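Notes follow once the structure below has been shown.
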Amino acid sequence: MKRLLLAFALLIFVLSACSSHVNYIRENPDRLTRGLKAKAFLKAWGEPDETLSYHDFLNKYGSRVSGQTDSQAGAGSISEYGDRAHYTHLTVAWIYEKRKKILFFEKGYLVHDTPGALRAVWRLVGWKNLPESPKSEQAAKSHESPKKAYQRKITYEDRSKYIGNILDGKRHGQGTYIWPSGNKYVGEWRNNRATGGWFYKTTGQKVWVYQDSEGKWIINK
């Protein structure tokens, strides 16, 4: 009978402790502390969007995530081994995308972190605000407005002229280049190089020309 009452009392204690942890997580999402059980997060936040081993987490996000004890620095305290605080290969990461959080868990000792006790409980050892994923960064860049070329008329020191599109300070797009002799090129440009167009001579003749990679003019016969 005493054993039954003791077991019942222990059950009530565990349930009340779990309930208090759930409430704490809901009320303090940015002030999480080491030792909170994974089950409490499941009840407070639901299933994570993604679960990764620490190795897979590093491969996806590219760099080691260091834990910090300063809650205002965006991370919670983590497990300590000797004089260094770090995550191990046994760590798992839970990703909550909507909450912008990464939670790190390790299996802790069931009773007061006592060596030799049953290892069965996943506990929080650290957390960090979720950084932008590479895919998100690429998607953001793809929505940026592309640079547009603009029309300009330029007169150079040798009295030659260019009338046409300029992009990043270079002839780029449709444009006309006029030599002091009166000959002119009318066609396409890319990064200051003529990529194809008509070369008009003052005599009335015209030929199709372009510039090679070294800038040499080539007649397309």
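Derivation of every value follows stated rules applied to the coordinates shown; laboratory data play no part. Note that the coordinates shown come from a computational prediction; the quantities given were computed from them, not determined experimentally. In this analysis, Cβ positions are derived from the backbone assuming ideal geometry, glycine residues included, and neighbour counts consider all displayed protein chains.
Can you work out the PRE-style zone for Ile218? Point 7 Å along Cα to Cβ, and I want the residues of region 182-208 with backbone N under 19 Å. Under cut-off, by backbone N: 185-200, 207-208. For Val121, nonlocal amide neighbours, meaning residues 5 or more places apart or on other chains whose placed amide H falls under 5 Å from its own, are Gly108, Leu110. Over all other residues within a Cβ to Cβ distance under 12 Å of Gly197, the charged ones net out to +4, with Lys and Arg as +1 and Asp and Glu as -1. Number of Lys-Lys pairs in region 150-219 with C-alpha atoms under 13 Å apart and a separation of 8 or more places or on different chains: 5.
Using amide H atoms built in the peptide plane, which far-off residues or other-chain residues are under 5 Å from Leu36 H to H? For Leu36, whose amide H was placed from the backbone, the distant partners under 5 Å are Leu124. The trypsin sites (Lys or Arg not before Pro) of region 165-211 that DSSP puts in a loop, and whose beta carbon has at most 12 other beta carbons within 10 Å, are Lys201.
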